[in-house]
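To start, the structure under review is shown below, and the notes come after it.
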Amino acid sequence: MLNKLLWRCPVCKTNDSIVCRKRTLRPDLVSCPACGSAWLLLRVKGGTDFRFRAIAGPQRGADRPLAAWYDAMREGFALAAITDATAPLAPGETLYLKGHAEGLRVLRMDPRFQAVIARLPPPAEPPPPDAPPLTEIGEADLFLTDRRLIVRPGPAGAAGEIIGPPLATVRGVQLFIDRYLILRHERRLVEMFEFVAESPLKWQVYLDHALRPISSAGGVKIHMAYD
């Protein structure tokens, strides 16, 4: 899905504003209602690459490879504080992003996921003896702050137990295809988030920026992987 790649408009930089409309025997139409931009998604002749041709909006007439529009989307990105009355924040905690995961697993290093997480750095410590081999959580609200990634299980907006290892324990973040985001913490705790509607790439970009000051302050290298 294109809106998982372009998780914000490359023109006005509005999050989650890209709308894709498939059309029979005509190029797909991509638009941003926030700024009025619209593009035709065109396949490059003789290849598998695509390009965007702007047919409306501030950059009407621009015709560039899809990769160039992706770079424009990322250009100038910076974390910004947001407010949300439902966010379970501690005093002084800053909220950067809220979303919803349709599937969530919190697990130890499990043989079934070895191939998926093999590229993440090895854990520094063994798992605690009482750690469960696999815990299914299901749907969950997610809140990214300057301190942690908060997981609140249940349907969107439901009250539930809060789970949130601090970002200071994160040692690796991996994007797997266009559906899964995997976080490896110390002590072999692994969180695997499944996104159906939202973009896991967006969450990885936000996590990358949120983890930078933590990595610098602690002198710890945090591995980012894209598969």
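The values are calculated or read from the model by the stated rules, or taken from the named source; none is laboratory data. Here the structure is a predicted model, which is why all the values come from computation and not from measurement. For neighbour counting, all protein chains shown are included, and Cβ atoms are generated from backbone atoms with ideal geometry for every residue, glycine included.
Key figures
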read-out: Residues satisfying the stated conditions in segment 34-51, i.e. in contact with a strand residue (DSSP E or B) (Cβ under 7 Å, 6 or more places away or on another chain), in a loop (DSSP other than H, G, I, E, B) and within 18 Å of ARG64 (Cβ to Cβ); value: VAL44, ASP49
read-out: Filter result for SER17 (closer than 30 Å to ALA81 by Cα and assigned to a strand (DSSP E or B)); value: no
read-out: Looking only at segment 20-33, and only at residues there that are in a loop (DSSP other than H, G, I, E, B) and either of a type in the set (D, E, K, R) or more than 27 Å from LYS98 (Cβ to Cβ) (or both), the one that is modelled with the lowest pLDDT; value: LEU25
read-out: Count of segment 2-56 residues which are at positive phi and hydrophobic (A, V, I, L, M, F, W, C); value: 1
read-out: Pairs with Cβ under 7 Å, 6+ apart, first in segment 75-91 and within 15 Å of PHE143 (Cα to Cα), second surrounded by fewer than 12 Cβ atoms within 10 Å (Cβ to Cβ) and not polar (S, T, N, Q); value: THR86/GLY157
read-out: Options ALA81, ALA54: the member that is surrounded by fewer than 16 Cβ atoms within 10 Å (Cβ to Cβ), among the hydrophobic types (A, V, I, L, M, F, W, C) and at pLDDT 95 or above; value: ALA81
read-out: Pair list, Cβ < 6 Å and 6+ apart or interchain, from segment 167-181 residues that are assigned by TED's automatic domain parsing to the domain that holds VAL196 to residues that are of a type in the set (Gly, Ala, Ser) and in a strand (DSSP E or B); value: GLN174/ALA225
